[in-house]
Ligand SMILES: [Zn+2]
């Protein structure tokens, strides 16, 4: 039996394309908030091992194009700080080997 976090790591390692929070949540039957928590934890764990890293395609505002760059933690903002609209393209995640 794999733990939930091991399953997420497997998903993000084996898929060629970055995966959205919704996709991961649906695959593993957990809510998005838990996915975000797990991803934060996974990012730390991977960092400690130094072989793989969690890469995040930052969320972006659909209306004005604002990109949420420089996020330290996996996050899914609900509102754009620039235009205040709530149309955010969710972040996507992938685990890559560090070369
Ligand atoms: Zn915006």
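The values are calculated or read from the model by the stated rules, or taken from the named source; none is laboratory data. Treat the numbers as computed from the prediction; the structure is a model and nothing was measured. Cβ placement follows ideal geometry from the backbone for every residue including glycine, while neighbour counts extend to all protein chains displayed.
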Confirm whether residue 44 is closer than 23 Å to residue 15 by Cβ, more than 16 Å from the ligand (Cβ to nearest atom), free of Cβ contacts under 8 Å to residues at least 24 places away in the same chain and assigned to a loop (DSSP other than H, G, I, E, B).
no
Please determine, by comparing only the residues of segment 50-96 that are more than 18 Å from residue 24 (Cβ to Cβ) and more than 14 Å from the ligand (Cβ to nearest atom), which one is modelled with the highest pLDDT.
51
Which residue, of 71, 12, 54, is assigned to a helix (DSSP H, G or I) and touching a strand residue (DSSP E or B) at 6+ places or on another chain (Cβ under 8 Å)?
12
Test result for residue 24, within 11 Å of the chain's Cα centre (by Cα), assigned to a helix (DSSP H, G or I) and either touching a residue at least 60 places away in the same chain (Cβ under 8 Å) or surrounded by fewer than 15 Cβ atoms within 10 Å (Cβ to Cβ) (or both):
yes
Do you know which residues across segment 74-99 are part of a loop (DSSP other than H, G, I, E, B), surrounded by 14 or more Cβ atoms within 10 Å (Cβ to Cβ) and touching a residue at least 24 places away in the same chain (Cβ under 8 Å)?
74, 75, 76, 90, 91
